Amino acid sequence: MHRAEIEGKGHCLAKILITPAGLDYDPSEVAVPWRVLSAVGHEVYFATPDGQRAFPDELMLTGEGLDPWAIVPGLRRFRAIGRILAADANARLAHAELEHNKRFLSPIRYKDLRASDWDALVLPGGHRARGIRPYLENVELRPFVISMFDAEKPVGAICHGVVVAARAISRKTGRSVLFGRKTTSLTWAQEHLATQIARVTRFWDPTYYRTYIEEPDEPDGYRSVQAEVTRVLASPADYQDVSPTDPDRSLKNDGRHRDTLNDARCAFVVRDGGYISARWPGDAHTFAKVLAKAISEAA
């Protein structure tokens, strides 16, 4: 990957922090931004709750275990749905490189983070409840997120990472740092479709794609990422999704196509000043490029 391939490269290199969940982070949403931002020449570091290296959701890294026959010993490696929904070749290659990165292997603890030490922040996602719920509910990370927004430094959030920002409530305003901003996230349409697929392909674990499940008295989708994020915004209209008139709408919404460094047709990324958001791993390259541009402009 060459620096000239990435829009928004600046003369001033930035010190950027990525905060993956300690367990079950999405490999594409961590490794692709790391690779793109590092290729520009920025210094990219990592932080985890306890300062120990993070581990990805292996199902999303390999695709093994996402097909209905995966429950049968010896058939797990045969992928069909797993080939579509898991990390693609670009992301797997980036992740393989990431696992040899010294900064990734020796992360900083959340509680030691100070906004004055950083130029930009990346909040990646993941969906598997056992690892992602502790990440979304971590109270040590939130003050740092708030301080980055207060300092008007570039912040990128993708997929469930947007929930981390949504739950960061400013003491100054009593509202989420996303209040008054436009954003996207994993959409309910995407989350619901994945759940419908899992009922067949992972029938022994049908809620694998749902981080939170509705209570009996709650409407369908109430605990979805989109619903939670929308509830903290100044207006429901501030939640952004692909326009019905977008000529590439089918590519952006079919759940099968992923962007590349040089092809953003299937990606959907929202920028509101220095805040950049995206929906899912299929947006990761474009998300990172837009963030790189924001960082360059803020330098």
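The values are calculated or read from the model by the stated rules, or taken from the named source; none is laboratory data. This one's a predicted model, so the numbers in the text were calculated from it and none came from an experiment. Please note: Cβ atoms are built from the backbone with ideal geometry, for glycine as well, and neighbour counts cover all protein chains shown.
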Out of the residues in the stretch 221-234 meeting the condition of being within 16 Å of the chain's Cα centre (by Cα) and in a helix (DSSP H, G or I), tell me which one is surrounded by the fewest Cβ atoms within 10 Å (Cβ to Cβ). 228
Output for the stretch 193-219, where each listed residue is in contact (Cβ under 8 Å) with a residue 12 or more places away in the chain, in contact with a Pro (Cβ under 7 Å, 6 or more places away or on another chain) and buried (at least 18 other Cβ atoms within 10 Å of the Cβ): 201
Where residue 189 falls short, out of the listed (1) crowded, with 17+ Cβ neighbours inside 10 Å; (2) of a type in the set (Gly, Ala, Ser); (3) within 17 Å of the chain's Cα centre (by Cα): (1)
With the condition kept exactly as written, say whether any residue in the stretch 74-91 is exposed (fewer than 13 other Cβ atoms within 10 Å of the Cβ), under 21 Å from the mean Cα position of the chain (by Cα) and either hydrophobic (A, V, I, L, M, F, W, C) or not in a helix (DSSP H, G or I) (or both). yes
Looking at the stretch 102-115, can you tell me whether even one residue there is among the hydroxyl-bearing types (Ser, Thr, Tyr), over 14 Å from the mean Cα position of the chain (by Cα) and assigned to a loop (DSSP other than H, G, I, E, B)? yes
Look at residue 142 and say whether it is at pLDDT below 95 and more than 30 Å from residue 249 (Cα to Cα). no
In this structure, is residue 267 small (Gly, Ala, Ser), outside any helix (DSSP H, G or I) and under 17 Å from the mean Cα position of the chain (by Cα)? yes
Can you work out which of the residues in the stretch 55-73 that are of a type in the set (Asp, Glu) and part of a loop (DSSP other than H, G, I, E, B) is farthest from residue 202 (Cα to Cα)? 57
Determine, yes or no, whether residue 261 is of a type in the set (A, V, I, L, M), at pLDDT 95 or above, touching a Cys at 6+ places or on another chain (Cβ under 7 Å) and within 19 Å of residue 87 (Cβ to Cβ). no
Look through 248, 259 and report the one residue that is surrounded by 18 or more Cβ atoms within 10 Å (Cβ to Cβ) and either closer than 22 Å to residue 290 by Cβ or basic (Lys, Arg) (or both). 259
Given the condition surrounded by 20 or more Cβ atoms within 10 Å (Cβ to Cβ), in contact with a His (Cβ under 7 Å, 6 or more places away or on another chain) and modelled with pLDDT of 95 or more, answer yes or no: does some residue in the stretch 173-181 qualify? no
Give the residues of the stretch 156-173 that are assigned to a strand (DSSP E or B) and closer than 16 Å to residue 281 by Cα, sorted by residue number. 156, 157, 158
Subset of the stretch 235-251 [in contact (Cβ under 8 Å) with a residue 24 or more places away in the chain and in a helix (DSSP H, G or I)]: 238
Does the stretch 47-54 contain any residue that is within 16 Å of residue 126 (Cα to Cα), out of contact with any Gly (no Cβ under 9 Å at 6 or more places or on another chain) and not in a helix (DSSP H, G or I)? yes
Between a first residue in the stretch 53-69 that is closer than 13 Å to residue 98 by Cα and a second residue that is surrounded by fewer than 17 Cβ atoms within 10 Å (Cβ to Cβ), which pairs have beta carbons less than 6 Å apart while being 6 or more apart in sequence or on different chains? 53/105
